[in-house]
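Beneath this line is the structure, given in structure tokens, with notes to follow.
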Amino acid sequence: MTKNIGSGTAQGLVEYLDNIVTKGKATSGAIVPLKTAFTKVMEAVDGGEWPQTQVDSINVEDYVNRFANLTRGAYTEASIVAYKSRMNRVINWYKKFMAQPGWMPVIQTRTPKKKPNNQVDSSHAADSASFPGVSTNEAYAPARTLPSGIMVVFPKHMDAQVSFGSFGEELRNLDKKGMEFAVGGERSEESRSPEA
């Protein structure tokens, strides 16, 4: 796989990017957009011979302008600008690697932004006993897992009652308000709403 990594060619650059991921210096999520931009521009401009193109001969400004002309209408201006930036970045990395074999870029990892407590995130729809460390939202009742494996979360003001029969049966027994689940075909006394 890495037989061309030090060749100074476009193929060597692609292998270098793969090596960054293999060595654990970056995730594939960080490298794939860079690699995609580079290969798409190279394929459009140099055709099937792009892997043999010498990286030192690539003028990024010229290549990206030619790419934009060859693919007119297929990419937005913002995408062209992003591709140019990515091309510059990977070519500079590869040139530095060629000058200092073994050099790897320092790629910062992003931490996901926390959501405010008042937003419901279905990926965290669970009680804190099942998923320690997940904060609970006081506007919602604790999540209930149905026998079918489906988790349900209701706003507390709905006063929902969930039976533990099959999920399909629960849906069939949903009362006319659509807010409470029936228990065994009949609403339980606790779940009955006062009638007006």
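What follows draws every value from the coordinates through simple rules; no lab data is involved. In this text, all values refer to a predicted model and were calculated from it rather than measured experimentally. Quick reminder, even Gly has a Cβ in these numbers, built from the backbone with ideal geometry, and neighbours come from all protein chains shown.
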Counting only residues that are free of Cβ contacts under 8 Å to residues at least 40 places away in the same chain and over 21 Å from I80 (Cα atoms), segment 5-18 contains a total of 4
For segment 71-115 the number of residues that are in contact (Cβ under 8 Å) with a residue 24 or more places away in the chain, of a type in the set (S, T, N, Q) and loosely packed, with under 10 Cβ neighbours inside 10 Å is 1
Suppose we keep only residues that are touching a helix residue (DSSP H, G or I) at 6+ places or on another chain (Cβ under 8 Å), touching a residue at least 12 places away in the same chain (Cβ under 8 Å) and surrounded by fewer than 16 Cβ atoms within 10 Å (Cβ to Cβ) within segment 19-35. Which one would you say is nearest to V55 (Cα to Cα)? P33
Got a sec? Which of Y75, Y83 is out of contact with any helix residue (DSSP H, G or I) (no Cβ under 6 Å at 6 or more places or on another chain) and farther than 21 Å from N4 by Cβ? Y75
Restricting to segment 1-22, name every residue that is within 22 Å of the chain's Cα centre (by Cα) and within 12 Å of F38 (Cα to Cα). L17
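Provide a single number: the residues in segment 88-103 that are assigned to a loop (DSSP other than H, G, I, E, B) and out of contact with any helix residue (DSSP H, G or I) (no Cβ under 6 Å at 6 or more places or on another chain). Even if it seems obvious, please write down each step before you answer.
Within segment 88-103, the subset assigned to a loop (DSSP other than H, G, I, E, B) is 100-103.
This time we only want the ones that are out of contact with any helix residue (DSSP H, G or I) (no Cβ under 6 Å at 6 or more places or on another chain), so: 100-102.
Number of matching residues: 3.
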For segment 45-70, which residues satisfy the criterion of being free of Cβ contacts under 8 Å to residues at least 24 places away in the same chain, of a type outside the set (V, I, T) and touching a Phe, Trp or Tyr at 6+ places or on another chain (Cβ under 8 Å)? A68
